[in-house]
Amino acid sequence: MKRITRHTPLSDSLRNQFNSKNSKLGDGCGKRKWIAKRRRQQRRRRIAENMRMLKSYCLWWKKEV
């Protein structure tokens, strides 16, 4: 089967098949975008969590001193 890239002209039904998040056939541009978005969100969440931890730790440390 030919590799499908974002440059392959696709009929609508095929495009929908490729862009659905759980599609078994290669990643349509939709899926790639979705994965990138999810990765971004996870990174942001992790950073926020770390900041919160740091903040609480600083406050706790000030209280101790």
>> Against the definition (surrounded by fewer than 10 Cβ atoms within 10 Å (Cβ to Cβ) and at pLDDT below 85), how does Asn22 come out, yes or no?
In response: yes
> Which condition does Lys63 not pass, out of (1) surrounded by fewer than 10 Cβ atoms within 10 Å (Cβ to Cβ); (2) at pLDDT 80 or above, if it passes all the others?
Replying inline: (2)
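The values are calculated or read from the model by the stated rules, or taken from the named source; none is laboratory data. Nothing here was measured: the structure is a model prediction, and the numbers come from that model. Every residue, glycine as well, gets a Cβ built from its backbone with ideal geometry; the counts of neighbours run over all protein chains shown.
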